[in-house]
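*Asks:* Pasting a structure below so you can have a look.
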Amino acid sequence: MIYKRSSALFSEAERVIPGGVNSPVRAFKGVGGTPIFVKEAKGAYLFDEDGNTLIDYINSWGPMILGHAYEPVVNAVIEKAKKGTSFGMPTEIETKIAELAVSMVPHIDKIRFVNSGTEACMSAVRLARGFTKKDKIVKFSGCYHGHSDSFLIQAGSGASTFGVPNSPGVTQGTAKDTLLAKYNDIENVKALIASNTDEIACIIIEPVAGNMGCIPPKDDFLKKLRTLCDAHNILLIFDEVMTGFRLAKGGAQELFDVKADIVCFGKVIGGGLPVGAFAARHEIMDYLAPIGPVYQAGTLSGNPLAMAAGLAMLTELNTDAEIFNRLEEKTSYLHKGMAKVLNDNNVVHTINRVGSMISVHFAEDAVIDFDTAANGNNDTFKAFFHGMLQQGIYIAPSAFETWFIADALSYKDLDKTISAVNHVAKSL
Ligand code: PMP
């Protein structure tokens, strides 16, 4: 495959955009080479500026669960755009999507829409602090909750790919209120709570971690967190920016049968437009302005185009009774196929998967937290990434990311992917 035009476009971009990209994970910094410039996409495929066709396993980092340019979503946006793109006034469609989201997700009564996952998590933490009147938060190493200051303490995703666990610009004052725990280690959380009695407002967690590769919660880890939170008047925040409307209609709360106090959304809920949201029971949500004291706002929040895309997407997911089973089956097929060819070629690896989130770590031991994820062989990952790209398969340019399976992928695409893994595995 030739990436001449992408390389030229990247050089032009680098002159006027820091690092040539508007979000660091898009750069190929972790794996080397220059990013691919996409021209358009349809279903499971990306068409780049050089005329290459790629099977897409990133899917805009999660939102495109049904595939690219999904017609009902595109049409909803086009029709809305003709009627005006922003008013800064209430619109009926905001209530429609709120009603649908509240009906699909357990344990939430009200939802507020924002413009990104970052905003959702940042606002959820402010709300938790206001509601509990406590300052400290617990986050897990390797979990990413957006780029708001309090979260850039051992964050996963791009922050791990680039080895910048603590970003300059985050003050010591902010950092001191973020307590770090080890994912899947309940004793560690207990110890943090014991040494910060009555100071912790919330525990925020990715119920399935997706920013250090895919890492499932162990046994009853989430249930045990719930019990701890109840015992210590701490709010449990599920960051379902990746898992929401992906693992099940009701997300991880439904899949694992664990109740969260506040749930954050992004990605799928916006159908590919910039949308985030956070939701909780009445009592907590009514603590928000304009009826409550915790301030939170947004000029473009609830934007009509974004709401139209989100409503069309959620409607599809709500009416297709088989969608989550289908996604699970496709991902499981890929899982088994990749494991077989990697084993046949004696490549040391660990594949983790929950529903339609899956990742391959080139690590011998089980990958259960940030440390075990970081044990993976990065040189092997780089060779794997570039090998797959040459075979026309686009996966995330970092081992600290999950792959997102879209329903648009056919079994033919999956077979093609498995043969590409087989081919690449021979040279690893
Ligand atoms: N939380 C999680 C779990 C995420 O994966 C992300 C983004 N990948 C965010 C929050 C932040 O979302 P956004 O990039 O839309 O700000």
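What follows draws every value from the coordinates through simple rules; no lab data is involved. If you're wondering where the values come from, they're calculated on a predicted model, not measured in any experiment. Positions of Cβ are backbone-derived with ideal geometry, glycine not excepted, and every protein chain shown enters the neighbour counts.
*Asks:* Which residues, taken from the range 95-110, are under 16 Å from residue 310 (Cβ atoms), among the acidic types (Asp, Glu) and touching a residue at least 40 places away in the same chain (Cβ under 8 Å)?
*Replies:* none
*Asks:* Take residue 309 and tell me if it is within 16 Å of the ligand (Cβ to nearest atom) and in contact with a helix residue (DSSP H, G or I) (Cβ under 9 Å, 6 or more places away or on another chain).
*Replies:* yes
*Asks:* Report every pair of residues separated by at least 6 positions or lying on different chains whose Cβ atoms are under 7 Å apart, first residue within the range 272-300 and acidic (Asp, Glu), second away from the ligand (no atom under 16 Å from the Cβ).
*Replies:* Final answer for the pair search is 286/292.
*Asks:* Still on this structure, I have one more. Of the residues 273, 255, which single one is on the phi < 0 side of the Ramachandran plot, surrounded by fewer than 24 Cβ atoms within 10 Å (Cβ to Cβ) and part of a loop (DSSP other than H, G, I, E, B)?
*Replies:* 273
*Asks:* Do we find that residue 275 is within 16 Å of the ligand (Cβ to nearest atom), touching an Asp or Glu at 6+ places or on another chain (Cβ under 8 Å) and more than 25 Å from residue 332 (Cβ to Cβ) in this structure?
*Replies:* Taking the combined requirement at face value, the residue does not satisfy it.
*Asks:* Report, ordered by the first and then the second residue, all pairs with beta carbons closer than 7 Å, sequence separation of six or more or different chains, a first member in the range 400-428 that is touching a residue at least 60 places away in the same chain (Cβ under 8 Å) and of a type in the set (Lys, Arg), and a second member that is surrounded by 19 or more Cβ atoms within 10 Å (Cβ to Cβ) and not in a helix (DSSP H, G or I).
*Replies:* 416/55
*Asks:* Right, another one. Pairs only if they're at least six apart or on different chains, beta carbon under 8 angstrom, first in the range 38-58 and in a strand (DSSP E or B), second surrounded by fewer than 16 Cβ atoms within 10 Å (Cβ to Cβ) and of a type in the set (Gly, Ala, Ser); list them, first residue then second.
*Replies:* 40/69; 41/69; 42/69; 43/69
*Asks:* Let me ask something else. Which ones in the range 22-45 are among the β-branched types (Val, Ile, Thr), within 13 Å of residue 60 (Cβ to Cβ) and either within 16 Å of the ligand (Cβ to nearest atom) or crowded, with 18+ Cβ neighbours inside 10 Å (or both)?
*Replies:* Answer for the range 22-45, where residues must be among the β-branched types (Val, Ile, Thr), within 13 Å of residue 60 (Cβ to Cβ) and either within 16 Å of the ligand (Cβ to nearest atom) or crowded, with 18+ Cβ neighbours inside 10 Å (or both): just 25.
*Asks:* Which condition from (1) within 21 Å of residue 177 (Cα to Cα); (2) surrounded by fewer than 21 Cβ atoms within 10 Å (Cβ to Cβ); (3) away from the ligand (no atom under 15 Å from the Cβ) is the one that residue 118 breaks?
*Replies:* (3)
*Asks:* Given the conditions (1) over 23 Å from the mean Cα position of the chain (by Cα); (2) more than 21 Å from residue 307 (Cα to Cα), and given that residue 79 satisfies all but one, which numbered condition is not satisfied?
*Replies:* All conditions pass for residue 79, except number (2).
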